[in-house]
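Trainee: Encoded as structure tokens, here's the structure I'll be asking about.
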Amino acid sequence: MPISSIEEGLEEIRNGRMVILVNEDSPDSDGFFCLAAEKVTAASINYMLQYGRGIVYVTLTDERIRELGIPMIAEENSRLSGLLCGASFSVALEGLHGVSAQGRAHTIQAAVADQTKHEDLVIPGHVQPLQARSGGVLARSGRTDASVDLARLAGFKPAGVICQILADDGSVLLLPALERFAEQQGLKVLTVANLIAH
């Protein structure tokens, strides 16, 4: 399956479907499931856990993280940020419904709901927020920032849900295997490079 246009991907996201995000159309590109946080459901979380097998992240703007009073992890202790193009990690969140797919979806929905305040969240928890940079992919070309930009461009709040896609053996799935997987699952593949150009 060829790389889809940003317009095609935005149409998927508007309709509550997930896409696969890669940095560029290159054989060594890994992929992340991506959808708008406002459209997350227990079924989409369960799908990510079943087929992605990676950590489920909610991507939030720095402004939203400040509004919710979510503490950030010290830079020297977040060495994994290099794997997500310098994304900043915060302490994980929990809602009131636990670690189940339903519970995680509820926590993500709470993180983007206008009425949610700091005291409505349990910290630490099982949903890992990532802080997107102001300026989106024009400031930093990562999947964290791309997911926030895609949600915004699709007409939703600037917040996404991403999960890295691993192979059956636990290794990272790369192009072109990701494209074969996308074709089997009926998913669009988008590149951050094309989003920057868009």
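Trainee: Whether any residue in segment 144-167 is farther than 21 Å from Thr59 by Cβ and of a type in the set (D, E, K, R) is what I want to check. Show your work before the answer.
Mentor: Taking segment 144-167 and keeping what is farther than 21 Å from Thr59 by Cβ, we get 167.
Restricting the remaining residues to those that are of a type in the set (D, E, K, R) gives none.
No: segment 144-167 contains no residue that is farther than 21 Å from Thr59 by Cβ and of a type in the set (D, E, K, R).
Trainee: Continuing with the same structure: Among the residues of segment 18-64, how many are polar (S, T, N, Q) and either surrounded by fewer than 17 Cβ atoms within 10 Å (Cβ to Cβ) or in contact with an Asp or Glu (Cβ under 6 Å, 6 or more places away or on another chain) (or both)? Outline the logic, then answer.
Mentor: First, the residues of segment 18-64 that are polar (S, T, N, Q): 23, 26, 29, 41, 44, 46, 50, 59, 61.
From what's left, either surrounded by fewer than 17 Cβ atoms within 10 Å (Cβ to Cβ) or in contact with an Asp or Glu (Cβ under 6 Å, 6 or more places away or on another chain) (or both): 26, 41, 46, 50.
Qualifying residue count for the region: 4.
Trainee: What are the residue pairs meeting all of these: first residue in segment 12-31, first residue under 16 Å from Ser141 (Cα atoms) and of a type in the set (D, E, K, R), second residue open to solvent by less than 20 Å² (accessible area, probe 1.4 Å) and assigned to a strand (DSSP E or B), Cβ atoms under 9 Å, and 6 or more apart or on different chains?
Mentor: Here the result reads Glu24/Thr191; Asp25/Val189; Asp25/Thr191; Asp30/Val22; Asp30/Ile165, each pair linking segment 12-31 to a residue that is open to solvent by less than 20 Å² (accessible area, probe 1.4 Å) and assigned to a strand (DSSP E or B).
Trainee: Also, quick follow-up: Any chance segment 60-71 includes a residue that's among the small types (Gly, Ala, Ser) and either within 22 Å of Ser171 (Cα to Cα) or modelled with pLDDT of 95 or more (or both)? First the steps, then the outcome.
Mentor: At the first step, the residues of segment 60-71 found to be among the small types (Gly, Ala, Ser) are 69.
This time we only want the ones that are either within 22 Å of Ser171 (Cα to Cα) or modelled with pLDDT of 95 or more (or both), so: none.
The answer is no; no qualifying residue exists.
Trainee: Pairs please, first residue from segment 49-63 and over 13 Å from Arg143 (Cα atoms), second anywhere and in a strand (DSSP E or B) and among the aromatic types (Phe, Trp, Tyr), Cβ atoms under 7 Å, 6+ apart in sequence or on different chains.
Mentor: Cβ pairs passing all conditions: Gly52/Phe33.
So that you can scan it fast, the table gives a plain yes or no per residue for (1) within 18 Å of Ser5 (Cα to Cα); (2) within 11 Å of the chain's Cα centre (by Cα):
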{"position": "Asp120", "(1), (2)": "no, no"}
{"position": "Val137", "(1), (2)": "yes, no"}
{"position": "Ala146", "(1), (2)": "yes, yes"}
{"position": "Leu153", "(1), (2)": "yes, no"}
{"position": "Gln164", "(1), (2)": "no, yes"}
{"position": "Gly170", "(1), (2)": "no, no"}
{"position": "Val192", "(1), (2)": "yes, no"}
{"position": "His198", "(1), (2)": "yes, no"}
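Trainee: Give the residues of segment 144-162 that are open to solvent by 10 Å² or more (accessible area, probe 1.4 Å) and in a helix (DSSP H, G or I), sorted by residue number.
Mentor: Correct list: Asp149, Arg152, Leu153.
Trainee: While we're looking at this one, here's another question. Which of (1) under 19 Å from Ala42 (Cα atoms); (2) of a type in the set (Val, Ile, Thr); (3) at pLDDT 95 or above does Val99 not meet, given it meets every other one?
Mentor: That leaves (3) as the condition not met.
Trainee: Whether any residue in segment 105-117 is outside any loop (DSSP other than H, G, I, E, B), of a type outside the set (Lys, Arg) and in contact with a His (Cβ under 8 Å, 6 or more places away or on another chain) is what I want to check.
Mentor: yes
The values are calculated or read from the model by the stated rules, or taken from the named source; none is laboratory data. Keep in mind that this is a model prediction, so the values were computed, not measured. So basically every Cβ, Gly included, is an ideal-geometry build from the backbone, and we count neighbours across all protein chains shown. Quick note on the areas: whole protein, heavy atoms, side chains included, nothing else; ligands and nucleic acids left out. Shrake-Rupley method; radii C 1.70, N 1.55, O 1.52, S 1.80 Å.
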